[in-house]
Each structure stands twice: as C-alpha cells, then as structure tokens.
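The values are calculated or read from the model by the stated rules, or taken from the named source; none is laboratory data. Keep in mind that what you see is a predicted model, and the values were worked out from it rather than measured. Positions of Cβ are backbone-derived with ideal geometry, glycine not excepted, and every protein chain shown enters the neighbour counts. In case anyone asks, the SASA skips ligands and DNA or RNA and just uses the protein heavy atoms, side chains included. Shrake-Rupley method; radii C 1.70, N 1.55, O 1.52, S 1.80 Å.
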Amino acid sequence: MQLTPFPPQRPPHPISPDRFRRRRPRARWIFWIFALGASYWLGYHDRKLKPIFEDADCERVYERLYGSESEPEFRVVFGYKDARPARFVADRYERLLFIQRLTGSCLGTDLACGFSRDRGDADLLTRSIVGPDGQRKTVRVRVVQPSASADDLENRKDPFQRWKSKRAEEAFLKGFHEAAVVLYNGHSRAGGGPDFEPPRLNPAESVDFTWYKAHEPGFAKVLDALKEEASARTRMLGFYSCASHKLFTDRVREIRPDLGLVTSSRLIYFSDALETSLETLNSLFSMKCEKGFRSALRTPKTRAGGARVSGFFRKSSAPGGSAAQ
Amino acid sequence: MTLARVALGLWLVGGAALIGLNLDAAPGPKTKKPAKPKSHAVSKSVKKPIKKPRAAAPKAKEKPLEKKLDKPVDWSVHARRFTGESERVRDRSIEALRKEPNLKARLEEALGTPKHFLALDVIVALELKDMAPVLLRFSEEDETGYSYHALNAILTPQNQRDVLKAYRERLEAQRKPGGRKLSPAAQVALIDAMTRAGLDLDPGLVEAFLTDVEPEVRSSGLYYVRMALLKKRRYDGLKLLAVALADPAFQIRMQALYVVSELSDAARGRRAIQDALRNCAKEDFEEARVFCDSLKNKRRGGGT
C-alpha cells in the first residue's frame, strides 16, 4: 500500500484576514498623511475659513474687535511688581513666563501660542490667525514691563528705570488709541494703580497705600485717557490685579459703558493672573462667544483668578457699527 | 487647474469617507444614549428653586478673624494669603503652616505641579533652608526659573559658594555642544543671581549672553556688564558694552546707552565706546538717536 504523502502546509495567504486587519491601521495612517500633504499643497490651508459663531451678536462683537485692520494689536502691560517688604521685583520674570507660553508650541485648539518674536522690537510678538471675516490676520501682541532689574533698591538709583517706567505707562495709555485690547497685570495700589514705577513709600518704608488711595495717580490717568475720543479703538480692558472689580469697574463704566472689562473680585495670585490673562487672549483669538468665554475663565486652571468679563458681549443697537468710527 | 483641484478635493473627501472611517463597525441599530443625569447647570433654568426672602432672618454673626484663620485648610490656601493681605493675616498663615505636619514632603511633591509657585512662596516665607538641596536639584528642570529665585532667598553662608558654583557650571554647560539647554527664564534667573553676588564671569560667557537669541537674556547680560563696569571698575566690560550698543532690539540699545550715561568721562572716552557712539546717525529708533547724540556731545563738551 502506497502511502500518500502528507500534504505540505499551505503558506498563509498574502492578504489573509489576519494580516489584512494588521495592515489596515498603517494604511489609514498613510492615507491621512497623504491627504494632509495634498490638501496643504492645494492651498487649502489658505482658503477662507470663516469661523462659525453661535449668533450674529457674537459675530458683530468680534468684527468690531478685529476691525478692518490686517494687523490688530493686543497689548499686555505689566505693572511694577515689587514685593515689599522684600526687595524683589518680579515683573521681568512674569513677563518672560508669559512670553515663553506665547512662543511655546500649541497644544489642542489653543491659539495663545506659536508666536514669533520681532528681531528689532523685543516687546512685539506676532502670529497669523483667521479673523471673523475668514481672512487671515497677523495679530500683534505687545508685552511690556517696567522694572529695570529684580532689585527695587537698585532700580530707585538707576536712570534706566525712569525710561522703563515711562515707556510702560505710555504703552498702556497709548494702547487705548492703538490696540484692540489692553490688559494690565500688576498691583492695584488700593485703587491708585495701574502703577509702573517703584512704589511711593511711607516713613515705615512700606507702600504708602493712603497716598495712593487719596491721589489715584495711575487710575486718574486711565480715566483721562478713556475720555479721549480716540480711545474708542479699544474694545476690551483687563485689570488682572487685586480686587480690581471693586476698585475700577464702576468709574470706567461711567466713561465707557461700551467697553468690555475683565476684572477680578479677589486678591489675585500672580500665577493665576498670568493664566487668566493668557486664557483671555486665547478666548479672543479663538473668538469664543459669551458662554465659552465665561467658562474659559472658570476652568480649574483659571478659576482661582476670580476673573469676570463684563460689557464685552453687550448687545449693540447699531448692528455692524464700529465704535471706532 | 481649478477643476483638477476640485476633482482632487472630492477624491480626497471620498477616500476619507471610505478608508478613513471605521468600516469594521457593524451598522447596528442606533442605540439611544442613556440620559445624562441632569447637572445643576442644566436643571437650574428648568427647576429653579424659589428663594425665600431672607429679610426676616436674623443677620448671622460674622466670624472673628482669628477663627477664620485657624480653620484647618490646605497649605496652598495659607500660601495664597501671602498676596495682598495684611501683615497680620500673613503672619497667622505662616504660623499655621509651621504647625502643618509633613509640610516639606508636600511642598516637594507640589514642585512642577500647578501649585509650584505657591510651594516656592511657602519655602521662602518659612525660610525652609534645609530644602536648598531639593530646590537645587529641581531647578535643573524648572523652565520657569522661579526655583532659582526661591533658592537665592534661602541661601546660607555655608552653602552659598557651592550653589553659585553650580549656577555657573549650568550656564557654562549649556554653551558647550551637547550641554543641557536652559530656558530663557532660567538663564535670566541665573545671570541675575551672578550679578547680585558680584561674581566674575568669563568674558566669553558674558559675550554669549549678549548675543543670545532671546532679548531678555541679552538684557540680563547687559545688567551684569553694568555691574562689572560701575561697581567693580572692570573696564574690559567696555568691549562688551559696545556689543550691546549694536544690538538688533532698540530696547537693549537704549539700556546700553543708559549704562554709557552712567560711566565716568574717562571710561566713556575709551575707544570701544567712542567707536560705538559714532554710529548714532544710523540709529533708527529716534529716542535712542537723540540720546546717543547727547552722550557724544556731552563727552566732547567735557573734553574741551
């Protein structure tokens, strides 16, 4: 009896279900990479991508904010952040943290990131975003701080300090003519701020809050600047400083009821102020509507800042009308 | 060309629909998602509890400050009270934190987390000097540079020399190929610490700060040069000052001009500075040009 040879084992089919299943994810990845590359090549990245707004009012708010400028400016000015009784002055470091975040790589849908620095102007950062009209805009963020060094005693003797203080104050006050958004991150000085200079001291060598309260040196200048007609360019003013809601809101409202305000009702810790101001910029670049904006200021990261936005999403009686006109 | 683009676009979208989407999933019957439990925010608009007027209720007695402060709370709550509050509140918070069990371990855990800055504030306020080695270790990876500020505040005469030596080594190492690159904030913190301590740094290293890509590092480097020129009378710093006078950013050029304005006539008359001031006419920032001219003329006036 002849034995039939044992049939050799069949090699696996090149596209057996097993192998096919294993290969599919890789094919999918290849497809997506190819698709992304092709769409970039076709110039889809530069197509008009008009953002979708929740309602027409929200759209109008951002149309007014960005205006017709191709390079709208957002200004963040730090106050003189002394830490009396210590000599330490922190605004140089805080500004640098802020800039590190703005120039850092972007995660998720964040837009307050990926900025480039200007070579000739150390305070200027730019990046491209899609504006409310679907057109690409270059947003300019100017970040200015006043202290010359981290030592308050040294600063009081340094002639460069006077220039730095003057420049920071000008950047803040002129911001009402030149920038769509002006944010102050510094001391409230019991209602006498914003303050860009080494603080006035009392005989006990501590900050003379009584004097600041009585004279309001910084706030009086803000109110004067807001009274000027040209200040209408600014659509939002932020005070990231202690109890700024109580100290500043009502009197700013009397002069500019149409101005969006971000204020804090609490004593604000510096890192919370930084997070909140970054989130404010992010919300403005992402053109978040009222609900989204408010909830962005109440995330676990930003909640401690106690920031509140008011007047920015106020329904306007003249649709499409720009206050800058 | 446009037609080709549209066709390719349609092909891409179609391809995405066919390949990119999950075809393995069987198109089973649509199941209704289980209803979410109504959150407070949603139900608020539907069922709003009617608030009773409180007018008749007796006014609750305000808790005395002592009771409020003595309430057991997380260390970070106390740390927040260091900002903006009165000296009395601050002192009470420090007192409460001193009684906190395992505080040092908890502070160490908080480094690098969202409570990072609060932890550093507590270390400084409580003068936890034995945490210096922890901070020195952690500062190497701290991109905020704030652990250096905290460390500087708790240095003792015993460890100051070693810590400053470590700072110098870190600054030098990052300039070497393959060296660990520090964040701009960390570099600025280290250069400022060197300036305050009045340490002598290698001119090559200082020049590297003055030509760094980040203007803040250049500005800190220039502040170091100011200290070397004005306090230590190290005139080799004049060449470095000339580097800063030609900086691309006008803010740094202004800072350098102010340093020139603080120099003695003799120092200002040195060739390196005179050569740099000759370029005033090329200055495109008006304020700097005017200032530069005034410094040139001041020298001329002083010399005659």
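Per-structure values
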| quantity | calculated |
| --- | --- |
| Out of A:ALA168, A:ALA148, sole residue that is under 30 Å from B:ARG226 (Cα atoms), open to solvent by less than 10 Å² (accessible area, probe 1.4 Å) and in a helix (DSSP H, G or I) | A:ALA168 |
| Sole exception among (1) of a type outside the set (Val, Ile, Thr); (2) touching a residue at least 24 places away in the same chain (Cβ under 8 Å); (3) in a loop (DSSP other than H, G, I, E, B); (4) facing chain A (nearest Cβ under 10 Å) for B:PRO248, by number | (2) |
| Every residue from segment B:83-96 that is more than 12 Å from every other protein chain (Cβ to nearest Cβ) and under 26 Å from the mean Cα position of the chain (by Cα) | B:SER93, B:ILE94 |
| Of the criteria (1) open to solvent by 10 Å² or more (accessible area, probe 1.4 Å); (2) part of a helix (DSSP H, G or I); (3) within 14 Å of chain A (Cβ to nearest Cβ); (4) of a type outside the set (Asp, Glu), which one B:VAL259 fails | (1) |
| Filter result for A:ASP158 (under 30 Å from B:LEU263 (Cβ atoms) and in contact (Cβ under 8 Å) with a residue 60 or more places away in the chain) | no |
| Qualifying residue in segment B:85-107 (condition: in contact (Cβ under 8 Å) with a residue 40 or more places away in the chain and open to solvent by less than 40 Å² (accessible area, probe 1.4 Å)) | no |
| Qualifying residues in segment B:262-286 (those that are in contact with a helix residue (DSSP H, G or I) (Cβ under 7 Å, 6 or more places away or on another chain) and within 14 Å of chain A (Cβ to nearest Cβ)) - the one surrounded by the most Cβ atoms within 10 Å (Cβ to Cβ) | B:LEU263 |
| Which numbered condition A:SER128 misses (of (1) out of contact with any Phe, Trp or Tyr (no Cβ under 8 Å at 6 or more places or on another chain); (2) outside any strand (DSSP E or B)) | (2) |
| Some residue of segment B:200-216 being over 21 Å from A:LEU96 (Cα atoms) and of a type in the set (S, T, N, Q) | no |
| Residue identified as farther than 24 Å from A:PRO146 by Cβ and either modelled with pLDDT of 90 or more or of a type in the set (A, V, I, L, M, F, W, C) (or both) among B:ASP284, B:ASP293, B:ASP236 | B:ASP293 |
| Of residues in segment A:287-314 being surrounded by fewer than 18 Cβ atoms within 10 Å (Cβ to Cβ) and polar (S, T, N, Q), the one farthest from the other protein chains (Cβ to nearest Cβ) | A:SER310 |
| Pairs where the first residue, in segment B:193-214, is away from every other protein chain (no Cβ under 14 Å) and within 25 Å of A:SER116 (Cα to Cα) and the second is assigned to a helix (DSSP H, G or I) and basic (Lys, Arg), C-beta under 7 Å, 6+ apart | B:PHE209/B:ARG218 |
| Qualifying positions in segment A:243-268 - crowded, with 24+ Cβ neighbours inside 10 Å and within 14 Å of chain B (Cβ to nearest Cβ) | A:SER244, A:SER264, A:ILE268 |
| Tally of residues being in a helix (DSSP H, G or I) and surrounded by fewer than 24 Cβ atoms within 10 Å (Cβ to Cβ) across segment A:176-221 | 16 |
| Residues (within 13 Å of chain B (Cβ to nearest Cβ), in a loop (DSSP other than H, G, I, E, B) and either at positive phi or touching a helix residue (DSSP H, G or I) at 6+ places or on another chain (Cβ under 7 Å) (or both)) located in segment A:76-89 | A:LYS81, A:ARG87 |
| B:THR113 among the β-branched types (Val, Ile, Thr), assigned to a loop (DSSP other than H, G, I, E, B) and open to solvent by less than 40 Å² (accessible area, probe 1.4 Å) | no |
| Within segment B:139-152, tally of residues that are more than 10 Å from chain A (Cβ to nearest Cβ) and surrounded by fewer than 20 Cβ atoms within 10 Å (Cβ to Cβ) | 2 |
| Residues (open to solvent by less than 20 Å² (accessible area, probe 1.4 Å) and either within 14 Å of chain B (Cβ to nearest Cβ) or assigned to a loop (DSSP other than H, G, I, E, B) (or both)) located in segment A:269-286 | A:TYR269, A:SER271, A:ASP272, A:ALA273, A:LEU274, A:THR276, A:LEU278 |
| Hits in segment A:90-115 - residues which are farther than 26 Å from A:GLY186 by Cβ and within 14 Å of chain B (Cβ to nearest Cβ) | A:SER105 |
| Residue pairs meeting the criteria (Cβ under 8 Å; at least 6 apart or on separate chains; first open to solvent by 50 Å² or more (accessible area, probe 1.4 Å), in segment A:81-104; second β-branched (Val, Ile, Thr) and not in a helix (DSSP H, G or I)) | A:ARG84/A:VAL207 |
| Of residues in segment B:228-239 being of a type in the set (A, V, I, L, M) and open to solvent by less than 20 Å² (accessible area, probe 1.4 Å), the one farthest from the other protein chains (Cβ to nearest Cβ) | B:LEU238 |
